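To start, the structure under review is shown below, and the notes come after it.
The values are calculated or read from the model by the stated rules, or taken from the named source; none is laboratory data. Bear in mind that the values here come from a model prediction, so they are computed numbers and not experimental data. In this analysis, Cβ positions are derived from the backbone assuming ideal geometry, glycine residues included, and neighbour counts consider all displayed protein chains.
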Amino acid sequence: MITHSWGPATTLSAGTTLERHILERQRQIPGATGDFTGLFQQIALAAKIINSRVRQAGLAGILGLTGARNVQGEEVQKLDEFANNVLVRSVEAGGHLCVMASEEEEEPIRIPDHYPTGKYVLLFDPLDGSSNIDVDISIGTIFSIHRRQTLGRHGTLADCLQRGSSQVAAGYVIYGSSTVLVYSTGDGVHGFTLDPAVGEFFLSHENIRIPARGKSYSINEGNTHLWSPQLRRWIEHVKMPRAAVEGAKAETYSARYVGSLVADFHRTLLKGGVFAYPADKKSPDGKLRLLYEAAPMAFICEAAGGAASNGSKRILEIEPSRLHQRTPLYIGSREDIATAERFLREP
Ligand code: P6P
């Protein structure tokens, strides 16, 4: 009998699917019930469905605004609504969640009474960067998984308002030149690329590590007039040619800014450098959301050896008080974040 070998069971070969990767992980956890595996498979299914619709957007004539506005006061693109509904429908019946929350919905989302509930909490931004949909720039889905803290059949807001350091897992899907799902459970970061012909995510980026220092900075310099003097000095410093070591050729950082968090973070994670969405005079708490944007990206970045800060404190240590609260975000290579914090601390 011929057995199809995708590499030894203990080492994850390039032919490893996301499902197999998650199952391998489950087998290594004593007492694992398969709940997490089931939830993750449902999230992956939702990603495939969203991906399919994103790829058709220009053709299906669904571009353009519904005219409705979401809790952020932003006009809602039809794809936003679609992605939100797909994620909710994909995970609500599985019995793995006690509650979920979405950027698109003001209140936590209750599991319908006719479905069982479970021990996990799912927080997500169903389609981040949606303002880029019409110009075909990469957009993404971001998700964060916690264990419930309360008792009783249904989870509550308290289950959603947990520090980033208590995440069980976090991940994102980037719908770019290819569709890649990146996730971490805290012990390593792995990326899977969707083969649309097969409809499976295959391991493409095993154990991603972010360089200690990078060569690009990513920030919306159109807001320079709103920045603090400390922030301006940091960016001026980044722009100055600098020799990595004495006598070496001076190098400068390249400016890279897509305006889509998932795209800017994915590049930073793979290549190193720093992405920042700081507080400024117009947005004293920054623009990005803590629970389902900054915290999951921070969890992933730290698991890859990087750092994520609000300018003075680890993102993962921030105690949330509101579901849609915002936070300044500085995320990327450890040494680059340390430099940013040093400038931001100055009087
Ligand atoms: P700005 C996209 O709208 C988003 O929420 C993030 O994906 C992105 O990082 C940020 O806003 C870009 O904001 O103000 O530079 O357009």
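Here are the numbers for the structure shown:
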quantity: All positions within segment 169-189 that are in contact with a Lys or Arg (Cβ under 8 Å, 6 or more places away or on another chain) and among the aromatic types (F, W, Y); calculated: Y175
quantity: Any chance G95 is small (G, A, S) and at pLDDT 95 or above; calculated: yes
quantity: Pick from segment 107-140, criterion closer than 24 Å to T185 by Cβ and β-branched (V, I, T), ranking: surrounded by the most Cβ atoms within 10 Å (Cβ to Cβ); calculated: V121
quantity: Output for segment 97-146, where each listed residue is among the hydrophobic types (A, V, I, L, M, F, W, C) and out of contact with any strand residue (DSSP E or B) (no Cβ under 7 Å at 6 or more places or on another chain); calculated: V135, I137
quantity: Condition met for L39 (assigned to a helix (DSSP H, G or I), buried (at least 20 other Cβ atoms within 10 Å of the Cβ) and either outside the structural domain of V189 (by TED's automatic domain parsing) or modelled with pLDDT of 85 or more (or both)); calculated: yes
quantity: Count of segment 289-321 residues which are among the charged types (D, E, K, R), in contact (Cβ under 8 Å) with a residue 12 or more places away in the chain and surrounded by fewer than 19 Cβ atoms within 10 Å (Cβ to Cβ); calculated: 3
quantity: Tabulated pairs, segment 221-232, first in the same structural domain as A276 (by TED's automatic domain parsing), second more than 16 Å from the ligand (Cβ to nearest atom), C-beta under 6 angstrom, 6+ apart or interchain; calculated: Q230/F343; Q230/L344; Q230/E346
